[in-house]
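Below is one structure, written out as structure tokens; comments come after it.
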Amino acid sequence: MNCLIEDCNRIAHARGWCGLHYQRWLNHGDPLIIKRKSGHKEKYFEKECSVESCLDTVRTKGFCKFHYNRWSRTGNPLTTPTGAQRGTRRVGVLPCKIEECNDVWYAKEMCKKHYSRTRRWGDPLKTQKPNLGKGRYTKEGYILIYYPNHPNANGDGYVREHRKVMSDYLGRPLEAYEIVHHKNGIRSDNRIENLELLTRITHPTGHEHQICPSCGERLV
């Protein structure tokens, strides 16, 4: 049974009215009254829903509340949500609107990555990745360089320069238990002749070897 209100094709909910008109009757005593919220512009309530034959006023994205809820769950304002769709929204369900991105919605029809770029740079495709080989200092005095494809790189794509120099010299990635020691104690001096490969057993973390002042060799 359809709603008794003329031109309303919704299913009757109570007293012969659909849920929308029944709620208006409960709130205002008349199923056709639309109460205007204070602070909103008059012309805002003069717009009708973009769905043909719907006489309700616009609330969001050109739809009334009823059709917007359908659109937000199914992508079509005329499609009735299934049982699985009634408890969810398009967020986390549909793919990001950016071409060739398969991540799901996070906000503004974009995934979290592209939405964050839009908020930060104003462009979802803009990135601020450093140039390959660009370096920076850590607070301990080591040099980090950007080589995201290096086997010893961290999650941000950086590898410590002294470990990369030793890795390139040996022709293999370094193991987690291997430590590259600076002979002269200067952590930014990454010349291969200033580096030696040790292990955590021979060179515990935080341990500094003493250097002979005359020859510059490490004292055991």
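The values are calculated or read from the model by the stated rules, or taken from the named source; none is laboratory data. Please read all numbers here as calculations on a predicted model, not as lab measurements. As a convention, Cβ positions derive from the backbone with ideal geometry for all residues, glycine included, and neighbour counts pool all protein chains shown.
Quick notes on this structure:
- Of residues in segment 2-31 being at pLDDT below 75 and in a loop (DSSP other than H, G, I, E, B), the one farthest from V58 (Cα to Cα): G29
- Among (1) modelled with pLDDT under 75; (2) surrounded by 12 or more Cβ atoms within 10 Å (Cβ to Cβ), the one test that K35 misses: (2)
- Restricting the search to strands (runs of 3 or more DSSP E) fully inside segment 98-179 and requiring at least 2 residues that are of a type in the set (A, V, I, L, M, F, W, C) gives 143-146.
- In segment 103-121, the qualifying residues are those that are closer than 21 Å to R73 by Cβ and of a type outside the set (D, E, K, R), and the one that is surrounded by the most Cβ atoms within 10 Å (Cβ to Cβ) is M110.
- The set of residues in segment 134-148 that are free of Cβ contacts under 8 Å to residues at least 24 places away in the same chain and touching a Ser or Thr at 6+ places or on another chain (Cβ under 9 Å) contains only L144.
- Subset tally (residues that are within 28 Å of the chain's Cα centre (by Cα) and at pLDDT 90 or above) for segment 154-184: 2
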